[in-house]
Amino acid sequence: MNKHFNSAMSISARSEIIVENIVANAAALRCAVSTGAGGERLIDLGAKVPGGLEAGRLLSEVCLGGFGTVQITSGSGIADWPLGVVVHSSNPVIACLASQYAGWTITDEASGFFALGSGPARALSRVEELFKELDYADHHNRTALVIEGDKAPPAAVATKVAAACGISPSNLTILYAPTGSLAGGVQIASRVLEVSLHKAHALHFPLDKIVDGYGVAPIAPPIPDFVKAMGRTNDAIIYGGRIQLFIRGTDAEAKKLAEELPSSTSSAYGKPFAEIFAEVNGDFYKIDPMLFSPAAVTVSNLDTGSSFHSGKLAPDIVDKSFR
């Protein structure tokens, strides 16, 4: 447990406010709220319901554990695709790595269910290796799990998740939206800051030196085909995303981070993600993980006032992917 923990720092408590807002306005948001067989609350934001951009915006803030804001913008930075998201967090390590990162592998052999879970439930369960490095643990009697998919998990999975979090299934809310839905597209674009934090961690940059951050990415137009939807939503960040991190440290550290963060540092960079995915015969894990980062990066050093830029947007690839 973080020695500085207090209830105001609970991502489950903070995100609960957003979840209840979704529930209270479900009809207007074109979402559906139901109760699963195990007593868990289920919120469909785009599978069997239309959902929408606002549903996706709120879903993204749940993913951030209430420690980040997501706004819809008409200035994505890609001229032909101006609709985008602006993501900001003053607690980016907690918001992005302790909550938003889809790091919890959730499976059920009996039903064949598989999903990657994100959201505040991760910091209650702390089942991932990553939490051994994060100085954060949540404590709350209710929480939420977010799944990118077209169906809710079976009751057996919800029961396992609740047990791992130390709560009853009736105090667990599972929110889900498919990749190719309006809400799903917003939710994935809103990971533009998170992927930069994850790559910074992979590059062994000290997380406690990251103070603040913001990111912008275009929202991919929805498409029913899952592989094409996955391609578009990845391209939105890899070729259309830009971020700025505010750090403390030396200028050498800031410059090195800026140079190593952009997606262009990956050998896989340079073509739409759907093509990259096809080249590895659909094996996601054969793709260079360094590809999953924003296109353009600014790192600003609060200790010196210096800023360093690297990478650039690739509107031609975004346009090819989105059309």
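The values are calculated or read from the model by the stated rules, or taken from the named source; none is laboratory data. These numbers were taken from a predicted model, which means no experiment stands behind them. So basically every Cβ, Gly included, is an ideal-geometry build from the backbone, and we count neighbours across all protein chains shown.
Here are the numbers for this structure:
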item: Test: residue in segment 83-101 that is surrounded by fewer than 17 Cβ atoms within 10 Å (Cβ to Cβ), over 18 Å from LEU197 (Cβ atoms) and either of a type outside the set (S, T, N, Q) or in the same structural domain as GLY213 (by TED's automatic domain parsing) (or both); result: no
item: Members of segment 25-56 that are part of a helix (DSSP H, G or I), crowded, with 24+ Cβ neighbours inside 10 Å and touching a strand residue (DSSP E or B) at 6+ places or on another chain (Cβ under 8 Å); result: ALA55, GLY56
item: Flag for SER264 being on the phi < 0 side of the Ramachandran plot, touching a Gly at 6+ places or on another chain (Cβ under 7 Å), assigned by TED's automatic domain parsing to the domain that holds ILE188 and among the polar types (S, T, N, Q); result: yes
item: Residue tally, condition out of contact with any Lys or Arg (no Cβ under 7 Å at 6 or more places or on another chain), farther than 30 Å from ASN141 by Cα and in a helix (DSSP H, G or I), over segment 193-219; result: 4
item: Single residue of segment 95-144 satisfying the filter (of a type in the set (Ser, Thr, Tyr) and not in a loop (DSSP other than H, G, I, E, B)) that is modelled with the lowest pLDDT; result: THR107
item: Hits in segment 66-90 (condition: under 18 Å from LEU182 (Cα atoms), touching a Leu at 6+ places or on another chain (Cβ under 7 Å) and part of a loop (DSSP other than H, G, I, E, B)); result: SER74, SER76
item: Within segment 192-212, considering residues that are in contact with a Gly (Cβ under 9 Å, 6 or more places away or on another chain) and buried (at least 24 other Cβ atoms within 10 Å of the Cβ), the one farthest from VAL85 (Cα to Cα); result: LEU197
item: Meets criteria (assigned by TED's automatic domain parsing to the domain that holds ALA162 and in contact with a Phe, Trp or Tyr (Cβ under 9 Å, 6 or more places away or on another chain)) for LEU53; result: no
item: Candidate set from segment 105-160 (those that are hydroxyl-bearing (Ser, Thr, Tyr) and either in contact (Cβ under 8 Å) with a residue 60 or more places away in the chain or touching a His at 6+ places or on another chain (Cβ under 8 Å) (or both)); member that is farthest from GLY68 (Cα to Cα); result: THR159
item: Residue check, ALA79 surrounded by fewer than 21 Cβ atoms within 10 Å (Cβ to Cβ) and in the same structural domain as SER170 (by TED's automatic domain parsing); result: no
item: Residue in segment 273-290 that is of a type in the set (Gly, Ala, Ser), assigned to a helix (DSSP H, G or I) and surrounded by 15 or more Cβ atoms within 10 Å (Cβ to Cβ) present; result: yes
item: From PHE277, PHE292, residue being closer than 25 Å to VAL70 by Cβ, modelled with pLDDT of 95 or more and not β-branched (Val, Ile, Thr); result: PHE292
item: Segment 222-242, residues that are part of a helix (DSSP H, G or I) and touching a strand residue (DSSP E or B) at 6+ places or on another chain (Cβ under 8 Å); result: ALA236, ILE237
item: Neighbours by Cβ (under 6 Å, 6+ apart or cross-chain): first from segment 26-54, within 20 Å of ALA220 (Cα to Cα); second hydroxyl-bearing (Ser, Thr, Tyr); result: GLY46/SER181; GLY51/SER181
item: Residues that are within 20 Å of ILE188 (Cα to Cα) and in a helix (DSSP H, G or I), drawn from segment 291-323; result: LEU291, PRO315, ILE317, VAL318, ASP319, LYS320, SER321, PHE322
